[in-house]
Amino acid sequence: MLHITASSGSGPLRDDACSYAAALDDWLATRPAALEAASRPIAAYDQRVAATSTLMGVLYDEGWARYGWPEQLGGLGGDIVHRAVMWDALARHGLPAMALYEHLEVLAPTLVALGDPDFMAEALPRFLRGEQVWSQGFSEPEAGSDLASARTRAVERDGGYVITGRKIWTSWARYARWCLVLARTGTTESRHRGLSAFVVDLQDPGVEVRAIEQANGTDELAEVTFDEVPVGPERLVGEIGGGWRVAMHILAHERGTFGWFRHNFLTREVLDNLSLGGPAGDTLLGNALLDLAAVRASSFAGVQAHAADTVLGPRAAFVKLMLAASEQAVNDWVLASDPDLAVGVQDDHVAVNRQDYLFSRIVTVYGGSQQMQLDTIAKQILRLP
Ligand SMILES: Cc1cc2nc3c(=O)[nH]c(=O)nc-3n(C[C@H](O)[C@H](O)[C@H](O)COP(=O)(O)OP(=O)(O)OC[C@H]3O[C@@H](n4cnc5c(N)ncnc54)[C@H](O)[C@@H]3O)c2cc1C
């Protein structure tokens, strides 16, 4: 068995994703205890977060989670294909979800590209090790689809900035240390040109995080208020007035490559529920598998584009639409296969299925609603008037 350590980050595992995939598969086949613990169904969300964070620590210490990230920021080199391979393998070996480490693939590529290098050299390893989680503070009560109307304000003071405002639907803020906040540094009329992106420490005085309990019983979402919260200049991501560029960089991942990471776990959900299925669900299962195959192909194109230092552009809207459709199709099949979901929760497996089913009803909203994706396709691809 190949056992790698942090010091062995050179050679074939970094340069050749196939060697990395084979070595990782061998390691996962030994069933590390942290993988076993995170792979069982865990209904209590905070316990699921703790088990996943422990697994992240082990993956980091063994080296696996450091591949795909730059060496100067604590990684071991390679690119997004390594990360695509890692999460695919974890799902195949039984991990049911990325949970709040989804933000590793939504936020971290942008933080690495546009964040302060010294700050990120400290922060990225802590994220990868499962010690400090990040959240994304874009949406506001009056600014969701129309993100350019965000009103949270950042004012220059004493060489840094002071942030005041209110964000909502901030995933995992309750568990996060950091929030990437889109704030207004220009006039309201300047719309997207007057926005800047800042990293805010959610433990600072003036920050209040209020968890929002969802219909499925989890507390993934939160409302976050900022009352004159100071941030140093090293917490600016990109440039002043460059917040829209930061947001678009993030959305390119949230729409274009995220489908790869999430669809692996939807496939896991199918595998974990196959024993429930009966002939009545065959058509639904067929639909779900077809949708998953479409997401796999289209999102891998997104992964390859990012590996080649380019992006899918407006075509990422298709990936986002197909991902949402596949998540609903998988969960339609689970519900048809397990009527217990609707009448009562009997064990953790059913409880998690119920949470996943209810969550699947809102996946057409995050990262830009279904209507906004259709709007992108109509205007930017089909050039409709
Ligand atoms: C599970 C989940 C996780 C989320 N996580 C985060 C997060 O971590 N960070 C964050 O910042 N936000 C997050 N969000 C918020 C999400 O980005 C917003 O909900 C989304 O952008 C829609 O904004 P809104 O809720 O204000 O709805 P609105 O923008 O008010 O839209 C309401 C309805 O009107 C439609 N609509 C609006 N404008 C148009 C238009 N021009 N043309 C056609 N239809 C239109 C929309 O499609 C929608 O159906 C999350 C949301 C969900 C559901």
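The values are calculated or read from the model by the stated rules, or taken from the named source; none is laboratory data. Predicted model, so just to flag it, every value in this text is computed and none were measured. Cβ coordinates were reconstructed from backbone atoms using ideal geometry, including for glycine residues, and neighbour counts include every protein chain displayed. Each accessible area value is taken on the protein alone, full model and side chains, heavy atoms only, with ligands, DNA and RNA left out. Shrake-Rupley method; radii C 1.70, N 1.55, O 1.52, S 1.80 Å.
Every condition in (1) surrounded by fewer than 18 Cβ atoms within 10 Å (Cβ to Cβ); (2) closer than 29 Å to Ser135 by Cα; (3) free of Cβ contacts under 8 Å to residues at least 60 places away in the same chain; (4) within 16 Å of the ligand (Cβ to nearest atom) holds for Leu384 except the one numbered (2).
The rows are residues; the columns are (1) within 16 Å of the ligand (Cβ to nearest atom); (2) under 25 Å from Ala252 (Cα atoms); (3) open to solvent by less than 60 Å² (accessible area, probe 1.4 Å); (4) in contact with a Phe, Trp or Tyr (Cβ under 6 Å, 6 or more places away or on another chain).
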site	(1), (2), (3), (4)
Leu290	no, yes, no, no
Arg296	no, yes, no, no
Val311	no, yes, no, no
Pro314	yes, yes, yes, no
Ala324	yes, yes, yes, no
Ile362	yes, yes, no, no
Gly367	yes, yes, yes, no
Thr376	yes, yes, yes, no
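Yes/no matrix, rows are residues, columns are (1) open to solvent by less than 10 Å² (accessible area, probe 1.4 Å); (2) over 20 Å from His253 (Cβ atoms):
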site	(1), (2)
Gly75	yes, no
Val81	no, no
Asp88	no, no
Ala91	yes, no
Glu102	no, no
Leu111	yes, no
Ala121	no, yes
Phe127	yes, no
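Give just the number: which of (1) crowded, with 22+ Cβ neighbours inside 10 Å; (2) out of contact with any helix residue (DSSP H, G or I) (no Cβ under 9 Å at 6 or more places or on another chain); (3) of a type outside the set (S, T, N, Q) does Glu156 not satisfy? Just one mismatch for Glu156, condition (1).
Glu228 - would you say it is in a strand (DSSP E or B) and open to solvent by 30 Å² or more (accessible area, probe 1.4 Å)? Yes; evaluated as a whole, the condition is true for this residue. Of all residue pairs spaced 6 or more apart or on separate chains, those with beta-carbon atoms under 8 Å, a first member in segment 141-152 that is assigned by TED's automatic domain parsing to the domain that holds Val224 and open to solvent by less than 30 Å² (accessible area, probe 1.4 Å) and a second member that is among the aromatic types (Phe, Trp, Tyr) and not in a strand (DSSP E or B) are Leu147/Phe138; Ala148/Trp244; Ala150/Phe138. Of the helices (runs of 4 or more DSSP H) entirely within segment 97-146, none holds at least 3 residues that are basic (Lys, Arg), within 16 Å of the ligand (Cβ to nearest atom) and under 26 Å from Arg48 (Cα atoms). Any chance you could count how many residues in segment 364-383 are assigned to a helix (DSSP H, G or I) and of a type outside the set (A, V, I, L, M)? Selection size over segment 364-383: 7.
The set of residues in segment 313-363 that are β-branched (Val, Ile, Thr) and part of a loop (DSSP other than H, G, I, E, B) comprises Val345, Ile362, Val363.
Of these, Gln214, Gln203, which one is polar (S, T, N, Q) and open to solvent by 30 Å² or more (accessible area, probe 1.4 Å)?
Values: Gln214 fails: open to solvent by 30 Å² or more (accessible area, probe 1.4 Å).
Going through Gln214, Gln203 in turn, the sole match is Gln203.
Taking each residue of segment 170-189 that is at positive phi and looking for partners that are within 9 Å of the ligand (Cβ to nearest atom) and polar (S, T, N, Q) with beta-carbon atoms closer than 9 Å, six or more apart or interchain, yields Trp172/Ser135; Trp172/Gln136.
Between Asp219, Asp204, Asp227, Asp158, the distinction of being under 25 Å from Val49 (Cβ atoms) and more than 14 Å from the ligand (Cβ to nearest atom) belongs to Asp204 only. Residue-level check: of (1) over 18 Å from Gly115 (Cα atoms); (2) open to solvent by less than 40 Å² (accessible area, probe 1.4 Å); (3) within 12 Å of the ligand (Cβ to nearest atom), Val181 misses just (1).
In segment 231-278, of all residues being small (Gly, Ala, Ser) and part of a helix (DSSP H, G or I), the one that is most open to solvent (accessible area, probe 1.4 Å) corresponds to Ser275.
Taking segment 190-225 as the region of interest, how many residues are in a loop (DSSP other than H, G, I, E, B) and in contact (Cβ under 8 Å) with a residue 12 or more places away in the chain?
Number satisfying all stated conditions: 12.
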